[in-house]
1. Could you identify the single residue in Arg295, Arg289, Arg271 that is touching a residue at least 24 places away in the same chain (Cβ under 8 Å), in contact with an Asp or Glu (Cβ under 7 Å, 6 or more places away or on another chain) and assigned to a helix (DSSP H, G or I)?
2. Restricting to segment 226-245, name every residue that is out of contact with any strand residue (DSSP E or B) (no Cβ under 7 Å at 6 or more places or on another chain) and crowded, with 16+ Cβ neighbours inside 10 Å.
3. Hey, among Leu377, Leu373, which residue is within 16 Å of ligand 1 (Cβ to nearest atom), over 18 Å from Val277 (Cβ atoms) and in contact with a strand residue (DSSP E or B) (Cβ under 9 Å, 6 or more places away or on another chain)?
4. Can you report the number of residues in segment 378-394 which are touching a Lys or Arg at 6+ places or on another chain (Cβ under 7 Å) and surrounded by fewer than 22 Cβ atoms within 10 Å (Cβ to Cβ)?
5. Across segment 274-286, what is the number of residues that are within 16 Å of ligand 1 (Cβ to nearest atom) and either hydroxyl-bearing (Ser, Thr, Tyr) or outside any helix (DSSP H, G or I) (or both)?
6. Any idea which of Gly337, Gly313 is in a loop (DSSP other than H, G, I, E, B) and in contact with a strand residue (DSSP E or B) (Cβ under 6 Å, 6 or more places away or on another chain)?
7. Could you tell me how many of the residues in segment 209-237 are in contact (Cβ under 8 Å) with a residue 40 or more places away in the chain, more than 11 Å from ligand 2 (Cβ to nearest atom), more than 10 Å from Gly422 (Cα to Cα) and in contact with a His (Cβ under 9 Å, 6 or more places away or on another chain)?
8. Is there a residue being outside any loop (DSSP other than H, G, I, E, B) and over 19 Å from the mean Cα position of the chain (by Cα) anywhere in segment 415-424?
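Bear in mind these aren't lab numbers, they're just calculated from the coordinates by the rules spelled out. In this text the structure is predicted, and so the values were computed from the model without any measurement. Every residue, glycine as well, gets a Cβ built from its backbone with ideal geometry; the counts of neighbours run over all protein chains shown.
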Amino acid sequence: MTLSNLNTDALRARRERLAGKLGGAPALLMAGAPRPRNYPATTYPFRASSHFLYLTGVAIPNAALLLDGAEATIFAAPHTAADELWDGPSPGPAALAEATGCAVEPLDALPARVAGLEAATLPAVDLPTRVTQKKLLGRALDALAPRDEALADAMIALRLVHDDAALAELRAAAEGTTAAHLAGMRASRPGVREHVVRAAMEHAAMERGMAMAYTPIVTVHGEVLHNNVYHHELAAGDLLLADVGAESEGGWAGDVTRTWPVSGAFSPTQRAIYDVVLASQRAAIDAVRPGVRYRDVHLAAARGLTVGLVELGILSGDVDELVADGVHALFFPHGVGHLLGLDVHDMEDLGDRAGYAPGRRRSAQFGLSYLRLDRDLVERMAVTIEPGFYQVPAILGDEARTAVAGDRLDRATLAKFADVRGIRIEDDIVVTADGADVLTAAIPKTAAAVEEACA
Ligand code: GLY
Ligand code: MN
Ligand code: MN
């Protein structure tokens, strides 16, 4: 934790805006607990809850933030001599108070302080913290109470529209992510394993003091959407799909995918599909501006992909009908993207309450049903745009699933593209007054630029 980097004014402004939205009603936000890896004393690196981080900027295990009217108090366990021995010195309460602009009190004062207060809260994602939270508040947290819903909606309203401090963090994360992808392209060559490329990518982020924003996907089997194994050896004819994002020191996420040829040159069939996915991504980015419904950005990507697949002869028929029927989803089964912020899928701990505008529900149609975001875009919202093309055996080998295409899918033509298992192209975007600012534009993306970066 580096207190000197905190933007105290921005943190205070966020808390004041939240208190204003809550009409001064009390709210308790938990930082969360370190999670055991093998046994309690060996833990995963601690990552504080994003709601807590958003309002305090500090990652203090087991701490809590109590907002009560204009008062903001962090409750944190005082460092003992034993903590000092094993973990080293830590800033005292006075330094913490100055850096965050909050009052600081010992953690054991919290139960008496919240007793009878009827504070709103957001359920912690780790179980031990949830148990503590239930005890503190004296109520179950299985469903949000009306006051919790008001808190959730207030947090969502704040975190959907990024302030300058948040945008600076997202830019820092994008820089670390850019370095990671450039390193990955340079590290790829036939004969090395996926691990080697992953290590090069993580190294680039780590040497900037950054962690990973999520478990990296670095794979020659891009058709496995969330592939988290890294043992395959890269072969000359493979495409490598890397979905890797750095997390800024303040905890903000980058989330980028590039797909590149291990040999340094796309085959003609790989190049053809790559250009179709790129055109799809560009169509989606071109659709981004305030007031546009994100589902329509998804459909712009779907249309772009479908136009290209018809041109290649893989699909045939009317493009609008193909998209309306969801035929494109046989190759592009996921949503075109999601909110981005402190979380890689920002605020997904709140479920579709964050991603879907009130009154909107997920579609039941295959493909659209995986769309994580369906709000109207507003200036300063950050989203990803990440269409893809995948040949997933579980989809293309499923007669019931592919029946929607009828004779509009030409399997003989598709077979010529067997050297394309999965391609995804993903960038991080901030909605501007009249369009989109691509935070990750420095990462090579055209086929020619990718080949050059791999050389
Ligand atoms: N990295 C996960 C995603 O792109 O949504
Ligand atoms: Mn991603
Ligand atoms: Mn993403």
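1. Values: Arg289 fails: assigned to a helix (DSSP H, G or I); Arg271 fails: in contact with an Asp or Glu (Cβ under 7 Å, 6 or more places away or on another chain).
After ruling out the rest, the residue left standing is Arg295.
2. If the condition is that a residue be out of contact with any strand residue (DSSP E or B) (no Cβ under 7 Å at 6 or more places or on another chain) and crowded, with 16+ Cβ neighbours inside 10 Å, then Asp238 is the only one that fits.
3. On the way: Leu377 fails: within 16 Å of ligand 1 (Cβ to nearest atom).
Just a single option satisfies the conditions, and that option is Leu373.
4. Qualifying residue count for the region: 1.
5. Pass one, segment 274-286, residues within 16 Å of ligand 1 (Cβ to nearest atom): 277, 280-281, 284-285.
Checking which are either hydroxyl-bearing (Ser, Thr, Tyr) or outside any helix (DSSP H, G or I) (or both) leaves us with 280.
Total satisfying the criteria: 1.
6. Details: Gly313 fails: in contact with a strand residue (DSSP E or B) (Cβ under 6 Å, 6 or more places away or on another chain).
Exactly one of Gly337, Gly313 is in a loop (DSSP other than H, G, I, E, B) and in contact with a strand residue (DSSP E or B) (Cβ under 6 Å, 6 or more places away or on another chain), namely Gly337.
7. Number satisfying all stated conditions: 0.
8. Keep residues of segment 415-424 that are outside any loop (DSSP other than H, G, I, E, B), which gives 415, 422-424.
Remaining after also requiring over 19 Å from the mean Cα position of the chain (by Cα): 415, 422.
Yes: segment 415-424 contains one or more residues that are outside any loop (DSSP other than H, G, I, E, B) and over 19 Å from the mean Cα position of the chain (by Cα).
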